[in-house]
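Some notes on the structure that comes next.
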Amino acid sequence: MGVRGAATAWGRLDWPAASAELALGDRHAALPPVEGSLLAYGNGRSYGDVGLNPGGTLLKMRGLDRFIAFDADSGVLTCEAGVLLADILAVVVPRGWFLAVTPGTRFVTVGGAIANDVHGKNHHAAGSFGDHLLSFELLRSDGARLICSREGNSDWFATTIGGLGLTGVITQATIRLRRIRGTAMRVRNWRYTGLDEFFALNAAAEQAHEYAVAWIDCLAKTPRGVLMAADHGEGDLPAPHGEKRVPVTPPLSLVNGLSLRAFNAAYYGKPWPAEVHQHYLPYFYPLDAIRDWNRIYGNPGFYQYQCVVPPTAARDAIGEMLDAIATSGQGSFLAVLKNFGDRPTPGLLSFPMPGTTLALDFPNHGAATLALFERLDAIVRAAGGRLYAAKDARMPGDFFRAAYPQWQDFSRFVDPKFSSGFWRRVMEQA
Amino acid sequence: MSKRILIIGATSAIAEAAARQWAARGDALFLVGRKRQKLDDIAADLKVRGAANAGVFEMDATDAAMHPSMLEAAVTALGGLDVALIAHGTLPDQKACEASVAMTLAEIDNNGLSVVALCTLLGNHFEAQGSGSIAVISSVAGDRGRQSNYVYGAAKGMVTRYLQGLRNRLAKKNVQVLTIKPGFVDTPMTAAFSKGALWAQPGDVARGIVAAIDKGRDEVYLPGFWRLIMLVIRHIPEFVFKKLSL
């Protein structure tokens, strides 16, 4: 449908523009013949340059937003790649189905969810988005259309899941949904103090609940936070309404040491009922209720740093990172802590691995922020962990290649016409 | 209560957006257009979105000889008809039309005469039935001829006038005739234009159409601010207007 506006990334950092942006509107059509490189662009919710192609062409996918088939008995849905997860929820929730895996925003396309093999609060129980993907069509620049699944073209299946859009254009996909018995979520909250308490509470919560995620106050002397676990409940609750909006972009970040300390203290201190029933929207997508929330970081934009570290090293590495952040004086409000389960990832370059993931937002303070990231990188590397490409805007190429040694196998599947800002960045001097 | 809705020009962006809103509330739809593959894709999409039915019929709207069998197919497939939306159209290349009588007449046919033909048929159908809604996408361009697109404007102006008369006739027969006048809409038809603040999204225009049909309105500008703009445009004296570059 209507496709307007120049392509941007969610972190609002200053990236060079693509030389052209072409809207696709017909999944049966061949790719447009263009000079230079191509990359599919979905809804612009990746944080850095993984979805951008400075100097090359972006193929805007939101026009491919048609459903193809839905079996309300088996919960199998086929749709075009530009359909938003929000559109899927609107159609399937009233019929008793839900996404088997959803990230923290529902405003991502199906194609983007596959290309980044996104995960959610139920990774320990359900794995990543690709684990519930049955098949998709991959359109290559030579015109070939590959139907990929675990049974057929399984190598293309594994390289395109988490393949960062580099293997071609995903035109349509078939996913398996999960049953629900209403829009209600049964949510349980626990405050914790110290990482040991988090790990103990979290281990118990993961045993008992499908979803578990923790917010962490990374500015407190002793790390503290709130663990939120949940399961789908029975019955319908009214959807909250009234979308808020950040109307303008302030010149400077509204998130700073002072506002953050106050905000974190208030957030930690607010009433956290031990058990509460709520609609699925505020549980899964609290920030979706504030349109353009990324503007609060002001004109310079912001970074997200999301890493995962293996279980044996997790406790110490997370502690060291929190110390480094506290020492740097740069804080993050949106700090999220979550354990990944140990099921093997469906994609060759998928981000999840057994261990603990920590995600933090930082206002862009230039060199100071980048210097902090180098200290964090050193901790993650020493622990044998890695960073999430969907969130990244700066990881050094050698770190990417060391942390994802499968990149060499993967690169044989990269379409010769496809590239991205991220890919050129991490492949420099390879 | 769910409605039985015929959409002519169903592959247009505005029509598809309206169809999605009807599908979401469980209405039954019958889609008419030139491109079979696209009709089939849209029908499949609408069924997933909740449409009680989504039949398709391949037809060029300028082929008036096909209109009766199309209407019969729609009535048969839907088991009756409550609403007809006419949404097909093209945006002529005004300069090219000035150099070609054939192209000018073809555009008048596509945007004007074909609509008149369809409304004649639908008007009689709904009149006999004693109920129903005919909703037609005309345009703000039909409110006054301007040098930049008066072939399109003339065709849409004919549609607007025709609908006024038809409404006057059918008002006594419990039939709604709705004239829809969109302003600039960001669709494939206008892909070549650079878009400013006046441009609307097809979904917003479609919401206005669905609401206007529900409320039994006669005429609607979409978005609403165009009513004011066109009020001004219509009232500029001709001796001034002719010197403007609009």
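What follows draws every value from the coordinates through simple rules; no lab data is involved. Fair warning: this is a prediction, and the values are worked out from it, not measured in the lab. Positions of Cβ are backbone-derived with ideal geometry, glycine not excepted, and every protein chain shown enters the neighbour counts.
Descriptive notes on the structure:
- Contour minus Cα-Cα distance for A:D196 and A:A402 (0.36 nm per residue): 71.2 nm
- Working from label points 7 Å from Cα in the Cα-to-Cβ sense, the A:D316 to A:E21 distance is 4.7 nm.
- Taking amide hydrogens as placed 1.01 Å from N in the peptide plane, the amide H of A:Q306 sits under 5 Å from those of A:L360, A:Y388, each at least 5 positions away in sequence or on another chain.
- Karplus-derived 3J(HN,Hα), 6.51/-1.76/1.60, for each residue of the range A:371-385, Hz, glycine and proline x: 5, 4, 4, 5, 5, 5, 3, 4, 5, 5, 4, 4, 7, x, x
- Counting only residues at least eight positions apart within a chain, or on another chain, the aspartates and glutamates with an alpha carbon under 17 Å from that of B:K215 are B:D27, B:D82, B:D204.
- Amide H within-cut-off set for A:H279, under 5 Å, with H built and near neighbours excluded: A:M185
- Compactness ratio for chain B: Cα radius of gyration over 2.2 N^0.38 Å (N = residue count) comes to 0.98.
- GNM remark for chain A: springs join alpha carbons under 10 Å apart, and the peak mean-square fluctuation among A:A230, A:A23, A:A274 falls on A:A274.
- Taking every residue in B:36-46 and counting other chain Cβ atoms within 10 Å of its Cβ, the average works out to 3.
- If the chain linking A:L252 and A:I290 were pulled fully straight, counting 0.36 nm for each residue of separation and taking away their Cα-Cα distance, it would gain 11.8 nm.
- Here the spin labels are modelled as points 7 Å beyond Cα on the Cα-Cβ line, and at A:R95 and B:A211 they lie 2.9 nm apart.
- Chain A: C-alpha pair distances exceeding 27 Å, %: 51
- Over the protein assembly as shown, DSSP H runs of length four or greater, each weighted -39,500 (n - 2.57), average out per residue to a 222 nm ellipticity of -10000 deg cm²/dmol.
- Averaging the sequence gap over all C-alpha pairs within less than 8 Å and six or more residues apart, then dividing by the number of residues, gives chain B a relative contact order of 18 percent.
- The range A:184-403: relative contact order in percent, alpha carbon pairs under 8 Å with at least 6 residues between: 23
- Highest-fluctuation residue, A:K244, A:K121, A:K338 considered, GNM on chain A with Cα pairs under 10 Å: A:K244
- Each residue of the range A:133-139 is assigned a 3J(HN,Hα), and the resulting list reads 8, 8, 6, 7, 9, 10, 9 Hz, derived from the Karplus form 6.51 cos²θ - 1.76 cosθ + 1.60 (θ = phi - 60°), x at Gly and Pro.
- Among the listed pairs A:K121/A:K270; B:K3/B:K195; B:K38/B:K173, those with a Cα-Cα distance over 24 Å are B:K3/B:K195; B:K38/B:K173.
- Once backbone amide H atoms are built at 1.01 Å from N, A:F333 has A:D361 as its partners under 5 Å, excluding neighbours fewer than 5 places away on the same chain.
- Backbone HN-Hα couplings from phi across the range A:75-80 [Karplus 6.51/-1.76/1.60, Hz, Gly and Pro as x]: x, 9, 10, 10, 8, 6
- When the Gaussian network model of chain A links Cα atoms closer than 10 Å, the mean-square fluctuations of A:V118, A:V380, A:V248 top out at A:V248.
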